[in-house]
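Peer 1: Okay, handing you the structure first.
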Amino acid sequence: MVQAKNNIRLVLALLLLFTLTACSGGGGAPAQPAPPADTLTGELPEIIAALIAGANENLTEKLPQSFEDPVTAENCQGMLGLTPEQFSEYVTEAYVSNSALTTSAHEIALVKCLDQAAAAEVKNLIAQGFDSGKWVCVMPDESSVIDSGSYVLLLSTAAQYADALTASFTALAADNTGEKNVFYSGAP
């Protein structure tokens, strides 16, 4: 009787083992590798310079002259639409490139976040908090955000510039970008 119970336990254990092996994905299509977290490299000002250079290669009218500044917890609300608390919680570093002419609604910002999850949150927070009307007398054609790994790119500019900058960013990130979120469109 004890021997029969042990044999039944052995058969049940083997069945469980085969069931778990079959459910573990031993068959079917191989799993696709996850996209790399970060394909962008270099310091943020260097990445912005490469982004602008790449965009200018595809434009007949070059991007406006601009100046670059670091974004801090003190100026992040006006630059990115993030509160100082959000900036401190999710961001490790950020730079902005604004038009040197105040009559031109043109801003590019690159944000380096703690990780991909933080970048996804920052992408949403910028889309909710950024003020596309901050130039008062002029408006951009489009304001958008796009992510790549732990980076988020904010564009608020003319449509042709936004398209060229998006293409340049995608190329720099080796096609490792998320979906572009156009959260403001003032173009006719």
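All of the numbers you see were taken from the coordinates with simple rules; none came from a lab. The shown structure was predicted, so the numbers you read here are calculated from the model rather than taken from an experiment. Here Cβ is always computed from backbone atoms with ideal geometry, including for glycine, and neighbour counts include all displayed protein chains.
Peer 1: Would you mind estimating how fast region 44-185 diffuses translationally, via Stokes-Einstein at 4 °C and 1.567 mPa s with the Kirkwood radius over Cα pairs, in µm²/s? Please list the in-between numbers first.
Peer 2: On the way: Rh = 14.7 Å.
Translational diffusion coefficient: 88 µm²/s.
Peer 1: To the nearest 0.05, how large is the calculated FRET efficiency for LYS62 and THR92 if R₀ is 35 Å and r is the Cβ-Cβ distance? Before the final figure, lay out each step's value.
Peer 2: Values: r = 31 Å, r/R0 = 0.88.
Calculated transfer efficiency: 0.70.
Peer 1: Taking 0.36 nm per intervening residue step and subtracting the Cα-Cα distance, what contour gain separates THR39 from LEU101 on full extension? Write down the numbers at each step before the final one.
Peer 2: Working: separation 62, 0.36 × 62 = 22.32 nm, distance 3.24 nm.
The span from THR39 to LEU101 would gain 19.1 nm if fully extended.
Peer 1: Mind giving me the nanometre distance, one decimal, between the label points for GLU85 and SER185, set 7 Å out from Cα along Cα→Cβ?
Peer 2: Between GLU85 and SER185, the simple spin-label model gives 3.4 nm.
Peer 1: On a C-alpha basis, how far is the centre of region 49-92 from the centre of region 156-184 in Å? Whole number, if you could?
Peer 2: A separation of 13 Å, based on Cα centres.
Peer 1: Right, another one. Sorted by average packing, counted as other Cβ atoms within 10 angstrom per residue and highest first, what order do 70-76, 111-117 take? Show your work: numbers first, answer last.
Peer 2: Details: 70-76: 15.7, 111-117: 18.6.
The peptides rank, most packed first, as 111-117, 70-76.
Peer 1: Here's something else I'd like to know. Sort 144-157, 87-100 by the packing proxy (mean of other Cβ within 10 Å over each peptide's residues), most packed first. Spell out each step's value before the answer.
Peer 2: Numbers: 144-157: 24.9, 87-100: 18.4.
Ranked by mean Cβ neighbours within 10 Å, highest first: 144-157, 87-100.
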